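Please find one structure pasted underneath; my questions will follow.
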Amino acid sequence: MTDLVRQHLIDPEICIRCNTCEETCPIDAITHDGRNYVVKFEVCNWCNDCIGPCPTGAIDNYRNVSATQSYSLEEQYTWDVLPAPVDAQAGESEMPEEVARITEIAQAGQGGPASPPWSAAHPYVNLFSPQKPTLATVSGNHRITAMDATADIRHLVLDFASVAFPVLEGQSIGIIPPGCDEQGRPHTMRLYSVASPRNGERPGYNNLSLTVKRVTEDHQGVPTRGLCSNYLCDLQKGAKVQVCGPYGTTFLMPNHPGASLLMICTGTGSAPMRAMTERRRRRLPLNEGGELMLFFGARSAAELPYFGPLSKLPKQLIDINFAFSRVPTQPKQYVQDKIRERHQDVVRLLKDDNCYIYICGLKGMERGVDEAFRDICRMAGEDWDALLPQLKAASRYHVETY
Ligand code: A2P
């Protein structure tokens, strides 16, 4: 038993290939091929940065192996399931002393893994795996960008009939497009944020909605056809869809009365914001207090999903700030410009212990928003670099970008 070491592995059965772990790892110990995400045994230093952000928990797997016979990357790439523990008696849950010590130090240094707001409801995850998905029926598919807009963004409603599929605002689900890849393997699932509140797209119905953009070009503008997004956007009412999940344990809204939300999004990053806003709209009669402030970036009003419904929301519910980047008669504006314009209210919310911050959408926005927060904090005599770790430690700062 003394020459056994613990090897960090990713469970291919529940991994949803969202790339979060690879992006999070500060020392590039995680990599992937077309099939699996894997951990480099020689590189992983057990900093545990990847554990909290993983939406499924696939990252949180280990096997005790002989120090000279760890599972190679080539082996890991071929797995459909994790290998059975070699020596169950060695105790899979028993961490070698050295590893346990490193883990403890790493977590102490970072205030522990990411966590949801203290008052968030308990999320269900992994009820349906990619190997055993459930079937949902399309009960609606509506275009929510103007007919002459370049972006075709759809509001898709999925009905689960009598299958229990509980979701919270901020969670995601997996969709498995039909068919196989060039190697003849079934397509892997794609992840979509839920756009409806926990009690259904229609209250009391066992359904949920997604915000899906038809992908016709990649981030560099090169024409490409998004396999799953085109499949979803073309679905007719009554079609059956393979669904897995739900996923996500941290990008969740607070439940306590008086909690405020500061939401910043672009494009389809609006899905979780719609879910949270609609949850609060339905509870308006309860007078629970708390503010909602939204910054939403799009090329123009015509390209902004849910522009019509958002514009009709009562002013006492939500303070909406649109930023349009491609309106010929106006200067280009990004969400970070609007945040600067509204600096007094934003700083007040950043400093409010009862305010939770959510950022979702284009990756590039993350940096711009961070710089805007730094600037407006400086103007108010605050130090953003000191405030940010406090927000994270208090589970008040949540980012999902792609
Ligand atoms: P842009 O006109 O420069 O592309 P998209 O329509 O591609 O989903 O983008 C949604 C909005 O996000 C657009 O207004 C887009 O502006 C804007 N955007 C692009 N890059 C950034 C960034 N780095 N920070 C903030 N917003 C951005």
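Just so it is clear, none of the values below were taken in a lab; they were calculated from the coordinates. It should be emphasised that the depicted structure is a prediction, and the values quoted were computed from it without experimental measurement. Ideal geometry is used to build each Cβ from the backbone, glycine not excepted, and the neighbour counts take in all protein chains shown.
Looking at this structure, is Glu303 of a type outside the set (Ser, Thr, Tyr) and within 16 Å of the ligand (Cβ to nearest atom)?
yes
Quick one: which residue in Pro309, Pro272 is in contact with an Asp or Glu (Cβ under 7 Å, 6 or more places away or on another chain), of a type outside the set (A, V, I, L, M) and more than 15 Å from the ligand (Cβ to nearest atom)?
Pro272
I've got another one for you. Taking the conditions exactly as written (outside any loop (DSSP other than H, G, I, E, B) and within 23 Å of Arg274 (Cβ to Cβ)), does Tyr192 satisfy them or not?
Here the answer is yes, as Tyr192 does meet what is asked.
So which of Thr145, Thr150, Thr137, Thr188 ends up being among the hydroxyl-bearing types (Ser, Thr, Tyr) and within 18 Å of Ala239 (Cα to Cα)?
None of the other options fit; the residue is Thr137.
Hey, another quick one. Is there any pair with a first residue in segment 331-342 that is under 12 Å from Glu371 (Cβ atoms) and touching a residue at least 60 places away in the same chain (Cβ under 8 Å) and a second that is in a helix (DSSP H, G or I) and more than 9 Å from the ligand (Cβ to nearest atom) whose Cβ atoms are under 7 Å apart and which are 6 or more apart or on different chains, and what are they?
Ile339/Val346; Ile339/Ala372; Ile339/Ile376
Are there strands (runs of 3 or more DSSP E) fully within segment 251-331 with at least 2 residues that are among the aromatic types (Phe, Trp, Tyr)? List them.
Correct list: 292-298, 319-324.
Which condition from (1) surrounded by 22 or more Cβ atoms within 10 Å (Cβ to Cβ); (2) in a loop (DSSP other than H, G, I, E, B) is the one that Leu235 breaks?
Result: Leu235 fails condition (1) only.
What number goes with the only condition from (1) more than 10 Å from the ligand (Cβ to nearest atom); (2) surrounded by 15 or more Cβ atoms within 10 Å (Cβ to Cβ) that Tyr334 does not pass?
Unmet condition: (1).
Can you name the number of the only condition in (1) within 12 Å of the ligand (Cβ to nearest atom); (2) touching a strand residue (DSSP E or B) at 6+ places or on another chain (Cβ under 9 Å); (3) without any contact (Cβ under 8 Å) to a residue 60 or more places away in the chain that Gly368 fails?
Among (1) within 12 Å of the ligand (Cβ to nearest atom); (2) touching a strand residue (DSSP E or B) at 6+ places or on another chain (Cβ under 9 Å); (3) without any contact (Cβ under 8 Å) to a residue 60 or more places away in the chain, Gly368 violates only (2).
Another question, if that's okay. When segment 161-182 is examined, which residues are found to be outside any strand (DSSP E or B), under 14 Å from Ser196 (Cα atoms) and not acidic (Asp, Glu)?
The answer is Phe165, Pro166, Val167, Leu168, Gly170, Gln171.
Sticking with this structure for a sec: When segment 14-55 is examined, which residues are found to be of a type in the set (Asp, Glu), closer than 26 Å to Thr68 by Cα and within 19 Å of the chain's Cα centre (by Cα)?
Of everything in segment 14-55, those that are of a type in the set (Asp, Glu), closer than 26 Å to Thr68 by Cα and within 19 Å of the chain's Cα centre (by Cα) turn out to be Glu22, Asp49.
Give segment 341-373 a look and list any residue that's over 27 Å from Ala275 (Cβ atoms) and surrounded by fewer than 16 Cβ atoms within 10 Å (Cβ to Cβ), or say none.
Gln344, Glu371 - these are the residues of segment 341-373 that are over 27 Å from Ala275 (Cβ atoms) and surrounded by fewer than 16 Cβ atoms within 10 Å (Cβ to Cβ).
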